[in-house]
Structure formats: C-alpha cells, structure tokens
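Undergrad: Pasting a structure here, questions to come.
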Amino acid sequence: MAALRSWLSRSVASFFRYKQRVPVVANCEKRCFSESIRPWHKAVAAGFGVALCAVPIAQKPEPHSLSNDALTRRAVSLVTDSTSTFLSQTTYALIEAITEYTKAVYILISLYRQYTSLLGKMNSQEEDEVWQVIIGARVEMTSKQQEYLKLETTWMTAVSLSEMAAEAAYQTGADQASVTARSHIQLVRSQVQEVRQLSQKAETKLAEAQTEELRQKTQEEGDERAEPEQEAYLRED
C-alpha cells in the first residue's frame with residue numbers, strides 16, 4: 001500500500017508538471033509561428049510596393065498643336081495678324097492725309113476761280129490781298145501733299161510686309177492666314193486707289209483753274225495795252 005501511494009503521488013505530480021509545461025510550449029509555438037510569418041508580411045508588402053512602382057503611368061500624349069509644323073503655322077499667323085494691323089493703321093492714315101490734301105486743292109481751286117472772276121474789277125491793293133490768300137492756300141496744299149507722300153512711303157512698306165507675311169503663311173501651310181492677308185491687301189489697295197482718283201481729279205481741276213486764270217489775265221493785259229494804242233491811233237486821225 002505504501003508503494004502504491006508513493007506511485008500515485010509521483011504520477012499526480014508528474015501530471016501537474018506536464019500541464020504546467022504545455023502552455024509554455026504552446027506559447028513558444030505561437031511565438032515561433034508569429035516570428036515565422038512576420039518576414040512573409042514584410043515580403044508581401046515590399047513586393048506590392050515594387051509592383052506599384054513597376055506599373056507604368058500612362059502619360060498624356062502631346063497634342064498635335066505642339067508639333068514643329070503647328071508651332072510654325074501659329075507663329076506665321078501671328079505675323080500676318082501683326083502686319084495686317086500695321087497695314088490697316090497706315091492705310092487709315094494715308095486715306096485721311098490724301099483726303100485733307102484733296103480738300104486743300106479744292107480750296108485753292110475756289111480761290112483761283114474767284115480771283116479770275118474779279119479780274120479787271122479790283123484795284124492793285126485788293127488784287128495783292130487776294131494773291132496773299134492764294135499763296136497761303138498754295139503753301140497749305142503743298143504741306144498736305146508732302147505729308148501724304150511721306151505716309152504713302154510707309155504704306156507701301158506695310159503692303160510689302162503683308163505680302164511677305166502672306167507668302168510665308170502659304171509656304172508653311174497656313175492657307176487661311178495667307179488668304180486672309182492677301183484679301184486684306186487687295187481691299188486696302190482699292191480703298192487707297194479710290195481716294196487717289198479723287199485727288200487726281202482735284203489736281204486736274206486745279207490745273208484748269210490756273211490755266212483759265214492765266215488766260216483771263218493775259219487777255220486783260222492785252223486789252224489794257226490795246227486801249228492806249230487805240231487812243232493814240234484815234235488822236236493821230
């Protein structure tokens with residue numbers, strides 16, 4: 001009996017010692033499993049990041065408008081716009097200058113006609129006063145003429161620049177800009193031609209008025225010389 005009790009005591013003690021060791025082993029196995037899977041998580045995370053870096057990001061293709069040809073056409077279009085603006089401004093200034101010159105010509109025509117109609121009806125002082133007015137009008141007309149001739153030179157330069165810009169637009173494929181520039185050139189040329197014709201018509205009338213004034217004055221001077229001769233002839237008779 002003593003031996004049986006001793007065996008039971010040893011068995012129970014061994015059982016309790018075994019139960020106390022079991023959690024330690026379990027905890028050790030759990031920690032070992034956690035330690036073993038932790039590098040795997042790191043590897044997965046690293047691999048996922050590498051995969052994201054390896055995925056190419058789709059880049060937006062450059063639009064066609066940024067090609068060399070398109071940039072050239074855009075630049076030449078800006079040039080045609082600038083030259084057209086320059087041509088418009090010079091055309092406006094030239095038309096205004098020619099118009100002012102034409103007005104000055106008509107003023108001088110009117111003065112010549114009035115002077116011609118008064119020939120033989122004015123004394124020398126009145127005739128001098130009228131001539132001073134005519135001379136002043138002639139100086140004003142000459143000033144206006146020089147002004148419009150100077151602007152005409154600038155306008156012709158503007159036309160040449162617009163023509164070169166239109167040709168450049170055509171060569172680079174900017175057909176619309178080329179057509180627009182050439183149409184604008186034709187328009188301003190026709191406008192300038194119209195006012196030129198008016199000024200030329202006024203110049204023709206001025207020449208006629210001056211011719212008439214000279215004819216009337218020559219006739220008057222001839223009449224004045226003829227009167228004393230006729231009186232002398234009558235006295236001789």
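Undergrad: How much FRET efficiency would the formula 1/(1 + (r/R0)^6) give for MET122 and GLU208, where r is the Cβ-Cβ distance and R0 is 30 Å, rounded to 0.05?
TA: Computed FRET efficiency for MET122 and GLU208 comes out at 0.85.
Undergrad: Another question, if that's okay. Kindly report the accessible area of segment 120-213 per residue (heavy atoms of protein chains, probe 1.4 Å, no ligands, DNA or RNA), in Å².
TA: Per residue, segment 120-213 has an accessible area of 63 Å².
Undergrad: A further question follows. If you plug each phi of segment 161-169 into the Karplus form 6.51 cos²θ - 1.76 cosθ + 1.60 with θ = phi - 60°, what whole-Hz ³J(HN,Hα) values come out, in order, with x for Gly and Pro?
TA: 5, 5, 5, 5, 5, 5, 5, 4, 5
Undergrad: On average, how much area does the Cα convex hull of segment 76-192 cover when viewed from any direction, in nm²?
TA: Averaged projected hull area, Cα only: 7.6 nm².
The values are calculated or read from the model by the stated rules, or taken from the named source; none is laboratory data. Source: prediction; values computed, not measured. Using ideal geometry, Cβ is built from the backbone for each residue, glycine included, and neighbour counts are taken over all protein chains shown. Ligands, DNA and RNA are excluded from the accessible area calculation, which covers all protein heavy atoms including side chains. Shrake-Rupley method; radii C 1.70, N 1.55, O 1.52, S 1.80 Å.
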